[in-house]
Amino acid sequence: MRIARFTTGGDPRFALVEGEPGAEELVVLTGDPIYMPVQPTGERVPLADDVRLLAPVIPRSKVVGVGRNYADHAAEMGNELPTSPLLFLTPNTAVIGPDDPIVLPPWSEEVHHEAELAVVIGKVAKDVTPEQALDRVFGFTVANDVTARDAQRSDAQWTRAKGFDGSCPLGPWVVPGLDVDDLAVTCRVNGETRQDGRTRDLVFDVAYLISYVSEVFTLLPGDVILTGTPAGVGPVVHGDVVECEVEEIGVLRNPVIRRA
Ligand code: ZN
């Protein structure tokens, strides 16, 4: 099952996505399935030009990021592997959706892509064990943890580097009930593969991350956890098109622009 948030010009609505790539149809739902029981309205809409997919979730309280959670990425940045998950927070104002432009911040000269599996929380989670953790998940989506690498180096905190407006593209939709133990996580820039990892190489797996994070913050429905990025991060510049993909979820595509 794939659950999308979309607009045809009015208020955002939710839908199940049916059909093969290139011929998808939206089965419109009565409300937001993260927060309420829903059913089909009976309306079906082709996923065509007059439909715009939106970020499938706007995190109600927070996006929790996890740094250095693939050994090959920690190594390429010259970092040791953390002995416990390295957490950071991204504000929900950083979230954008599929095809929304990533606007390069004027104060950075080095902005990198980071393709990641993202977890969308469905039920309140506080001090849950890894065994309980997956019960609290609504589903999974794709994230690009866009990072101003120069600001990450110069600042002690990663808030500016990873929290600026547009730095957290999410989408194209949420897939509930997915087994995420061994999925390909890839990134292409202008069609060229830059990152090609697998979730089996996560240092801390999804259940452990949810448990660990829930011992720090209460996770609310609609909160998002970014699970880290594999090796191959690199710069994006004005005019680029970035595609982040997680196997069995889909492709999150965003153009990159620098405002003059
Ligand atoms: Zn990241």
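The values are calculated or read from the model by the stated rules, or taken from the named source; none is laboratory data. The structure presented is a predicted model; accordingly, all values stated were derived computationally and were not measured. Cβ sites come from the backbone with ideal geometry, for glycine too, and all protein chains shown count toward neighbours. Note: areas computed on protein heavy atoms with side chains; ligands, DNA, RNA excluded. Shrake-Rupley method; radii C 1.70, N 1.55, O 1.52, S 1.80 Å.
Below are the figures for this structure:
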| quantity | calculated |
| --- | --- |
| Residue with peak Gaussian network fluctuation, the chain [Cα springs, cutoff 10 Å], from Val236, Val57, Val45 | Val45 |
| Portion, in percent, of the accessible area of the chain that falls on carbon or sulfur, probe 1.4 Å | 50 percent |
| The chain - accessible surface per residue (Å², probe 1.4 Å) | 44 Å² |
| Cα point-scatterer Debye curve for the range 106-167, base-10 log of I(q)/I(0) at q = 0.18 Å⁻¹ | -0.75 |
| Cross-link partners of Lys126 among aspartates and glutamates (Cα-Cα below 19 Å; sequence separation of 8 or more within a chain) | Asp135, Asp205, Glu215, Asp223 |
| Per-residue SASA entry for Met77, accessible area with 1.4 Å probe, Å² rounded to 10 | 70 Å² |
| Relative contact order for the chain, counting Cα pairs under 8 Å that sit 6 or more residues apart, in percent | 25 percent |
| Heavy-atom SASA rank of Thr129, Thr199 (probe 1.4 Å, accessible area, largest first) | Thr129, Thr199 |
| Helix-derived mean residue ellipticity, 222 nm - over the chain, DSSP H n ≥ 4, -39500 (n - 2.57), to 500 | -2500 deg cm²/dmol |
| For the chain, built as a Gaussian network whose Cα springs stay under 10 Å, the top-fluctuating residue of Ile34, Ile210, Ile121 | Ile34 |
| Rg(Cα) / (2.2 N^0.38 Å) computed for the chain, rounded to two decimals | 0.95 |
| All aspartates and glutamates inside 15 Å of Lys162 as judged from Cα atoms, apart from same-chain residues fewer than 8 positions distant | Glu109, Glu110, Glu114, Glu116, Asp145, Asp150 |
| Accessible heavy-atom area order of Glu80, Glu110, Glu116, Glu20, highest first, probe of 1.4 Å | Glu80, Glu20, Glu110, Glu116 |
| Centre separation in Å (Cα based) which lies between the range 114-191 and the range 1-54 | 22 Å |
| Projected label distance in nm at Ser84 and Gln132, using a 7 Å step from Cα toward the beta-carbon | 1.9 nm |
| Gaussian network model of the chain, springs between alpha carbon atoms under 10 Å - residue of Asp165, Asp11, Asp135 with greatest fluctuation | Asp11 |
